[in-house]
Amino acid sequence: MSQTPSQPLPTAALDERVAQLEARLGRIEAQLGVPPATAPVAMTMAPVEPAPPTVETSVGARPVEDELERQIGQNGFAIAGIFALTAGVGFMLSLPYPGWPAAAPAASGVMLAGVLLMAAQRGRRALGNLAEYIRGAAMALLFLATLRLFYFGLQPALELNSWAGLALVTLMVAANAAVAWQGRSVWLTLLALVMGCVAGLAVGSGAFLIALLPLLATATVLAAKRRQWPVILLAGIPLIYATYFAWAIGTPFHGGHFHYVREPGAAPWILLLTTAIIATGHLFRTDREQETGVVNAGALLNCVLGYACFLLHTAAAFPGMFVALHLAAFLLFLGGAVLFWMRERSRVSTFFYALTGYGALSMAILKAAPAPEVFVWLSGQSLVVVTTAIWFRSRLIVVANFLIYAAIVLGYMVVASQETGISLGFGLVALVSARILRWQKARLELKTELMRNAYLVSAFIVFPYALYHLAPARFVALSWVGLAVGYYALNLIVRNQKYRWMGHATLGLAALLLLLAVPGGVQPIYRIVSFLALGTVLLVVSMAFARAPPLS
């Protein structure tokens, strides 16, 4: 059964229906006492023309301007007012009051901070975002009021280094941390951390500061993990290390003079503990599937700033414990690299922590061994670095290790006044490193032979250099010919063409040396023997190429 669609009403019927509705609205308005409209609105069926675009733009822009003005007037002025009132009260607390008890200004500041906290808590719905700023003002007033007990007055109400004074400062830091935690605010948490660091410097006690910094680091790590605020940890790292360094140089802005603090002796160990605590903030993060820029920046800051503070302080104030401290730092940072690799197969964090650990080991070696024997230990360390780089599958560590190896070789050539055979060790290290890289090429995912060739080129340079200084002048060319024969023998063992080319190039060096040598510098018999040996080897190599296919 089909339904007939409804037909539109004619214009006359529509006008009549509207008139009926207006009559009913009029009776309702009369009963409610609402005055009628001054002019009735005529109903027409003509289309309404849109207003000009300029009118719409001007009318639409006005509410935006009104909203901006309202935001500035309501929120901006309120925040500025809270800041101004806090600054004013802070200046009031810093003034001396001769007729008052010593603790009265501080007590009034604490009471005002409590009132502000209560107002922010009870009026958080009505105040909205302003409640957060009021909490920040209360935290600042509590901080200033606590310091007022020890500073700014004619005489302090308490001695800062007394048990009561230290307890009050600790209680203030904990109270501010609790307020920030309850407020669930990033900037309140950062404010609490800043005031905790400043309080540690204000106390001036080394024992108090080195006990406080690990606690602040732990609180920062927990806040970053529980609240998912990685930026808190990123901001806290330089703040914590700057606090330690300011104390380590004697807190000169606190009225002292610049000097490296030597007491307490546990300070460097506590600094390593603080570094380890900060590292756990990145190691045990929830989103460890990927290394974000914040995580990489945090690892870089923790390694660079943490070890820089540690190196400067231990070198200046703890020379007797330098080797032991830096061996401990080596174990800490390398252990961190191992954990990052095992837990999440990290590339960047593993690289930063491993490289910092190798740097700490190098410092310990430089301090423990005299020159030039120290270069032997440093070159041996290069093999350790290559081995761990293979386990970490880190091409970055391989590249960094080669740069360090090259710097060690150049440093030895500059420092050593006489060659003692250490350069031969450099050459052996280069050959072994190149062989290890060839052996583990697939594990390192090396797509080119660049790093291996770099080590082989190093060996090609170092061995002739060592023989030139070790062998008597009459036997230098002959020793280079023997070195070339060694390269050919190595090629037969490992079946690699690169060693043949090293032998060819070494023979070329020997020939060039014989041609350029001063005729009177070497006795004729030794020159003849060198030429005969060079010619024999060249002929043997030539016949080997003529009679057999090229070795693979």
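The values are calculated or read from the model by the stated rules, or taken from the named source; none is laboratory data. Keep in mind that this is a model prediction, so the values were computed, not measured. Here the Cβ positions follow ideal geometry from the backbone for every residue, glycine too, while neighbour counts run over all protein chains shown. Protein only, heavy atoms only, side chains kept; ligands, DNA and RNA dropped before computing areas. Shrake-Rupley method; radii C 1.70, N 1.55, O 1.52, S 1.80 Å.
Remarks
- Filtered by the rule that a residue be modelled with pLDDT of 90 or more and within 20 Å of Ala223 (Cα to Cα), region 263-297 gives Leu273, Thr274, Thr275, Ala276, Ile277, Ile278, Ala279, Thr280, Ala297.
- Looking across Arg395, Arg347, one residue alone is open to solvent by 30 Å² or more (accessible area, probe 1.4 Å), over 30 Å from Leu424 (Cβ atoms), touching an Asp or Glu at 6+ places or on another chain (Cβ under 9 Å) and not aliphatic (A, V, I, L, M). It is Arg347.
- Among (1) under 27 Å from Gly293 (Cβ atoms); (2) of a type in the set (Gly, Ala, Ser); (3) open to solvent by 10 Å² or more (accessible area, probe 1.4 Å) - the single one Ser362 does not satisfy: (1)
- Region 120-134 residues that are modelled with pLDDT of 65 or more, paired with ones that are outside any helix (DSSP H, G or I) and of a type outside the set (Ser, Thr, Tyr) (beta carbon under 7 Å, 6 or more apart): Ala131/Gly123
- Some residue of region 260-267 being of a type outside the set (A, V, I, L, M), open to solvent by less than 70 Å² (accessible area, probe 1.4 Å), in contact with a Ser or Thr (Cβ under 9 Å, 6 or more places away or on another chain) and under 19 Å from Ala199 (Cβ atoms): no
- Residue match in region 289-310 (condition: free of Cβ contacts under 8 Å to residues at least 60 places away in the same chain and over 18 Å from the mean Cα position of the chain (by Cα)): yes
- When region 376-402 is filtered for residues that are farther than 16 Å from Leu361 by Cβ and within 22 Å of the chain's Cα centre (by Cα), the ones remaining, listed by number, are Arg393, Ser394, Arg395, Leu396, Val398, Val399.
- Filter result (loosely packed, with under 15 Cβ neighbours inside 10 Å and either assigned to a loop (DSSP other than H, G, I, E, B) or in contact with a strand residue (DSSP E or B) (Cβ under 6 Å, 6 or more places away or on another chain) (or both)) within region 277-318: Phe284, Thr286, Asp287, Glu289, Gln290, Thr292
Residue by residue, here is whether (1) modelled with pLDDT of 85 or more; (2) closer than 17 Å to Phe330 by Cα; (3) of a type in the set (Ser, Thr, Tyr); (4) part of a loop (DSSP other than H, G, I, E, B) holds:
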{"site": "Pro372", "(1), (2), (3), (4)": "no, no, no, yes"}
{"site": "Phe375", "(1), (2), (3), (4)": "no, no, no, no"}
{"site": "Gly380", "(1), (2), (3), (4)": "no, yes, no, no"}
{"site": "Val384", "(1), (2), (3), (4)": "no, yes, no, no"}
{"site": "Thr387", "(1), (2), (3), (4)": "no, yes, yes, no"}
{"site": "Ile390", "(1), (2), (3), (4)": "no, no, no, no"}
{"site": "Val414", "(1), (2), (3), (4)": "no, no, no, no"}
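- From the list His282, His326, His313, the lone residue that is closer than 12 Å to Leu233 by Cα and in contact (Cβ under 8 Å) with a residue 40 or more places away in the chain is His282.
- If the condition is being closer than 26 Å to Glu344 by Cβ and basic (Lys, Arg), then region 393-444 contributes Arg393, Arg395, Lys441, Arg443.
- Test: residue in region 456-471 that is assigned to a helix (DSSP H, G or I), among the polar types (S, T, N, Q), at pLDDT 85 or above and within 30 Å of Ala407 (Cα to Cα): yes
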